[in-house]
1. For residue A:151, state whether it is facing chain B (nearest Cβ under 9 Å), closer than 26 Å to residue A:209 by Cα and surrounded by fewer than 21 Cβ atoms within 10 Å (Cβ to Cβ).
2. Just to be sure I understand, how many residues within the range B:35-59 are without any contact (Cβ under 8 Å) to a residue 60 or more places away in the chain and surrounded by 20 or more Cβ atoms within 10 Å (Cβ to Cβ)?
3. As an exercise: evaluate residue B:71 against (1) in a strand (DSSP E or B); (2) more than 22 Å from the chain's Cα centre (by Cα) and give the number of the one condition it does not meet.
4. Being crowded, with 24+ Cβ neighbours inside 10 Å, closer than 27 Å to residue A:95 by Cα and either more than 13 Å from chain B (Cβ to nearest Cβ) or touching a strand residue (DSSP E or B) at 6+ places or on another chain (Cβ under 8 Å) (or both) is true for just one of A:156, A:142, A:122. Which residue is that?
5. Of the numbered conditions (1) over 23 Å from residue B:282 (Cα atoms); (2) crowded, with 24+ Cβ neighbours inside 10 Å; (3) in contact with a helix residue (DSSP H, G or I) (Cβ under 8 Å, 6 or more places away or on another chain), residue A:99 satisfies every one except a single condition; which is it?
6. Would you tally the residues in the range A:150-164 being more than 19 Å from residue A:184 (Cβ to Cβ) and out of contact with any helix residue (DSSP H, G or I) (no Cβ under 8 Å at 6 or more places or on another chain)?
7. Mind checking which helices (runs of 4 or more DSSP H) fall wholly inside the range B:229-326 and carry at least 3 residues that are surrounded by fewer than 19 Cβ atoms within 10 Å (Cβ to Cβ) and either within 14 Å of another protein chain (Cβ to nearest Cβ) or modelled with pLDDT of 95 or more (or both)?
8. Of everything in the range B:177-227, what is within 14 Å of another protein chain (Cβ to nearest Cβ) and part of a helix (DSSP H, G or I)? Give them in sequence order.
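The values are calculated or read from the model by the stated rules, or taken from the named source; none is laboratory data. Computed from a predicted model, the values in this text were never measured in an experiment. Note: ideal-geometry Cβ built from the backbone for every residue, glycine included; neighbour counts use all protein chains shown.
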């Protein structure tokens, strides 16, 4: 894994942004097509996993940066290094891209030869001391003008993939992308990773803070955040579709029409921690406890199934012909 | 942590390792003009090179009591096709032998573009990560020029400012400049008859990566040497494997470091090679293997890949520079 080399420089912070959206393709992609889509490099494998869900992860690609870090207190800290970007496709249907980097507590006051940054992929070094708290807040708030912009990098990769020739650019239903910004503070090796904050904000923004032991690579944190972002997107999207279907008020085929895509494309996607690093799987527990991600999902899917069952009973001839 | 019971091989790609020497020593690089100048030219070349080979061996002996050094030689069959392996290789080997030199491995330059049906140059090109000029915050660098790679920011193209007046010339700037810039812009390829013709520095960068054991294709080693026991060589370059092993040396082709001996007219080309190497994101698995093993042998490699390549530039014997007309 690329991130492992970056570890040797003892980062104190890892930050990232995940963007989650529906793949613009009328049909879900199979494993082979997923591997083709995510083959960002001809000489490197796409990781494809078929169990328990079909999941494909692209090789990691780097973007060079030399700019100010996003900070909440206006401190201007120049930083140089590389940001890792990668993309994942789940069940051939949900596309995600992540941009992330790690930062050490301090760096040299001059820029090194570029080749020295490239051998530590995913590490961004501050000039001088890293203002940790201000950077954490800055990353979660989002980059200001000219500041290191994880969202731009993640979106750039997503845009590149959406234009891929494999995709017909037709979506089976409308949905909104979400973005999740995360920061992980490093803690000594051996301590248990923990999730300290998960906030659902407006406009599809989610923020999340965790504590990550030194021996867990930043890539594993990225994987956890992708998993949470994916399930949060599912909850958000299905809830929106239910709201739009006016499930309580309307009756007849219009409800079926509105809920049909949920059943066909989304209901089977719920599979928390399927591809999360073993050292981080337990972070899900906090969210299962409160607000109870899976409980909410069960409730939503039961409501949809009940509604469709009711439809089948009352209008048996129309229930399953939504179009 | 317990070992996982369930595994999926497609989900856990592996980077295979390659055998590594301490030093890969290149004894020469033959172009058509050298060949046309006749065997005397080669003889002079090897006689000169011999002196530096001894110096390089002495230098390697400072790092290890029993240095593993493999020698290699490159023949251009990419830019110009000349002669045949059957005619050329025995002559090269004979002249080297006369100077007391042994060539362990011999490669064709076209192997750096495509070897064993793998597009090496293309793959390496996709690994270029341009050095970001100050102000790069994650958007695509606006100055990026397809097919070119620089060590800094180019002179902006003449544009009108908001008020409409034409701005004067602005100098380019080297990103890592110390007080003053040495700006360099390297052409990576050109388009020729609808195909791509890789530039000499770019292929030489691929060659360096191969010698440094840093090339992989889907985790597998590429450009692996094939044993060549016969004294006979084919009459067609295409029938010669991309990289052949001519001796029974135990020293592997790839090595922790490289040293290249060449006439000083190649200085600019090799500077360009370093510029390229400095902006390639090489296979992380391969990089780690080399770092671990060289460290384990107490001769840790420099972190940056470009720093692992050294050179000896010597004055070409005789009046060869005139013969070339350059």
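1. On the way: facing chain B (nearest Cβ under 9 Å): yes; closer than 26 Å to residue A:209 by Cα: yes; surrounded by fewer than 21 Cβ atoms within 10 Å (Cβ to Cβ): yes.
Here the answer is yes, as residue A:151 does meet what is asked.
2. 3
3. Against the list (1) in a strand (DSSP E or B); (2) more than 22 Å from the chain's Cα centre (by Cα), residue B:71 comes up short only on (2).
4. Numbers: A:156 fails: crowded, with 24+ Cβ neighbours inside 10 Å; A:142 fails: crowded, with 24+ Cβ neighbours inside 10 Å.
Result of the check over A:156, A:142, A:122: A:122.
5. If we test residue A:99 against (1) over 23 Å from residue B:282 (Cα atoms); (2) crowded, with 24+ Cβ neighbours inside 10 Å; (3) in contact with a helix residue (DSSP H, G or I) (Cβ under 8 Å, 6 or more places away or on another chain), just (1) comes out false.
6. Filtering the range A:150-164 for residues more than 19 Å from residue A:184 (Cβ to Cβ) gives A:152, A:155-164.
Checking the rest, the ones that are also out of contact with any helix residue (DSSP H, G or I) (no Cβ under 8 Å at 6 or more places or on another chain) come to A:152, A:155-160, A:162-163.
Residues flagged as more than 19 Å from residue A:184 (Cβ to Cβ) and out of contact with any helix residue (DSSP H, G or I) (no Cβ under 8 Å at 6 or more places or on another chain) within the range A:150-164 amount to 9.
7. Numbers: elements: B:267-277, B:284-296, B:320-324.
Output list reads B:267-277, B:284-296.
8. B:205, B:206, B:208, B:209, B:210
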